[in-house]
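Report on the structure given below.
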Amino acid sequence: MSIALVLSSGRAEEWKFEINKHLPEINVEIYPEIENNEEIELALCWKPEADYYTHFPNLKVIQSGGAGIDHLFPESIPSHIQTCRIVDPMLKSDMFEHVLTCLMHSMKNFSAYAIEKAKQHWQPLVYKSIGQTCVTILGLGEIGGYVAERLAQLGFKVNGWSNSAKNLKGVNSFTGIAGLGLAVEKTDFIVNVLPLTDATRGILNHDLFSLCPKGTVLLNVGRGEHLVDEDLLEAIAEKQIANAYLDVFHQEPLAQDHPFWNCSSVFITPHVASRTNISSSVLQVVDNYRRMTEGRPLLNEVSLEKGY
């Protein structure tokens, strides 16, 4: 039996080294340099080509190299292949730190002060305090729920919207279309941490922005496909959305001619809100390999039908 690494991230050698530390007896191969495709029973994947799983006739498990599975083409994976994702405490804490940084950067006017400094202009501005600030988290799964609870612990007013009601300390839980409107109607920030599914694709659009108070700030750390780019630019032009902090995009790297580059109200980070920590995440991959060979339930298996 062998493990295939089908990765577009350029971190395949690092994954191979870490897996072999724990499973020295297993042959770990980097696609497309696979010696015997029939030997592959587990494939660790990140943004593979569309037909990747068809190359391995005896494939039993597809292991995502990150928290999401939308990049694995879940709608086409055969039902007999089990699919798992990474749930790593480092991913959650890194995401919280990124979100908190964006919130505080906006609340304390740091971008405005950078502009004023360039003009050598001394101009104190009114700022927001944590206790005055409402943050709405879209998506209360492992990562979103963690971010919501941590923000509530700091004293933020926190709303959360998800597919099903959640019981999280300090977080007001909303569900459904009507609940989405209630969750954002008095918010200062929207933070999108939703999984990408048919139901959530394009959810950050004109209709949602129109439900928010004028001057709301958007943070998208979910997937680029959640956002309708043109609707955001229109909302910014109309000052319905004051600023947007975007970490994910439809096309990555972001095309050089994309209007986001020239929009001063859009802050761009290159998909770095939370990166998979290989040295800690590898333990889940190794554990799932052993569980697969022993016929035991896998860790963090996902529903292909739901997409998460």
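Across segment 260-281, what is the number of residues that are under 30 Å from LEU233 (Cβ atoms) and either under 17 Å from the mean Cα position of the chain (by Cα) or surrounded by 13 or more Cβ atoms within 10 Å (Cβ to Cβ) (or both)?
The total comes to 13.
Among GLY307, GLY222, which is the only one that is on the phi > 0 side of the Ramachandran plot, part of a loop (DSSP other than H, G, I, E, B) and small (Gly, Ala, Ser)?
On the way: GLY222 fails: on the phi > 0 side of the Ramachandran plot.
When all the criteria are applied, what remains is GLY307.
With respect to LEU180, determine if the residue is in contact with a His (Cβ under 7 Å, 6 or more places away or on another chain) and either closer than 25 Å to MET107 by Cβ or in contact (Cβ under 8 Å) with a residue 12 or more places away in the chain (or both).
Spelling it out, it is not the case that LEU180 is in contact with a His (Cβ under 7 Å, 6 or more places away or on another chain) and either closer than 25 Å to MET107 by Cβ or in contact (Cβ under 8 Å) with a residue 12 or more places away in the chain (or both).
Sort through ASN220, ASN172, ASN192, ASN163 and tell me the only one that's under 18 Å from ASP70 (Cβ atoms), of a type in the set (S, T, N, Q) and over 16 Å from the mean Cα position of the chain (by Cα).
Unique residue meeting the criteria: ASN163.
Give me the pairs: first residue in segment 6-17 and of a type outside the set (A, V, I, L, M, F, W, C), second residue assigned to a helix (DSSP H, G or I), beta-carbon distance under 7 Å, and six or more apart or on different chains, which are they?
From residues that are of a type outside the set (A, V, I, L, M, F, W, C), the pairs are ARG11/ILE278; GLU14/ILE278.
Scan segment 250-259 residue by residue and report those that are among the charged types (D, E, K, R) and either buried (at least 20 other Cβ atoms within 10 Å of the Cβ) or under 16 Å from the mean Cα position of the chain (by Cα) (or both). Before you say what the answer is, go through the steps one by one.
From segment 250-259, those among the charged types (D, E, K, R) are 252, 257; that's our starting set.
Of everything in segment 250-259, just one residue is among the charged types (D, E, K, R) and either buried (at least 20 other Cβ atoms within 10 Å of the Cβ) or under 16 Å from the mean Cα position of the chain (by Cα) (or both), namely GLU252.
Here are some conditions: (1) within 21 Å of the chain's Cα centre (by Cα); (2) charged (D, E, K, R); (3) within 25 Å of ALA114 (Cβ to Cβ); (4) surrounded by fewer than 20 Cβ atoms within 10 Å (Cβ to Cβ). ASP247 meets all but one. Which one does it not meet?
Answer for ASP247: the failing condition is (4).
Tally up the residues in segment 282-301 that are buried (at least 17 other Cβ atoms within 10 Å of the Cβ) and either modelled with pLDDT under 95 or closer than 15 Å to HIS80 by Cβ (or both), please.
Number of matching residues: 2.
Only one of these conditions is not met by GLU39: (1) at pLDDT 95 or above; (2) touching a helix residue (DSSP H, G or I) at 6+ places or on another chain (Cβ under 9 Å); (3) farther than 22 Å from ALA67 by Cβ. Which number is it?
(2)
Can you confirm whether segment 110-129 contains a residue that is in contact (Cβ under 8 Å) with a residue 12 or more places away in the chain and touching a Phe, Trp or Tyr at 6+ places or on another chain (Cβ under 6 Å)?
no
For segment 72-109, name all the residues that are farther than 30 Å from TYR308 by Cβ and either at pLDDT below 95 or charged (D, E, K, R) (or both).
Residue satisfying the conditions is LYS108 alone.
Of all residues being touching a Gly at 6+ places or on another chain (Cβ under 9 Å) and without any contact (Cβ under 8 Å) to a residue 60 or more places away in the chain in segment 183-199, which is nearest to SER76 (Cα to Cα)? Just the residue, please.
Going residue by residue through segment 183-199, those that are touching a Gly at 6+ places or on another chain (Cβ under 9 Å) are 183, 188, 191-199.
Next, only the ones that are without any contact (Cβ under 8 Å) to a residue 60 or more places away in the chain stay: 183, 192, 194, 199.
On the way: ALA183: 34, ASN192: 26, LEU194: 21, ALA199: 17 Å.
Taking the candidates together, the pick is ALA199.
Please determine whether any residue of segment 233-244 is assigned to a helix (DSSP H, G or I) and surrounded by 18 or more Cβ atoms within 10 Å (Cβ to Cβ).
First, pick out the residues of segment 233-244 that are assigned to a helix (DSSP H, G or I): 233-237.
With surrounded by 18 or more Cβ atoms within 10 Å (Cβ to Cβ) added as a condition, the list becomes 235-236.
Yes, segment 233-244 contains a residue that is assigned to a helix (DSSP H, G or I) and surrounded by 18 or more Cβ atoms within 10 Å (Cβ to Cβ).
The values are calculated or read from the model by the stated rules, or taken from the named source; none is laboratory data. Bear in mind the structure is a predicted one, so any value in this text is a computation, not a measurement. Quick reminder, even Gly has a Cβ in these numbers, built from the backbone with ideal geometry, and neighbours come from all protein chains shown.
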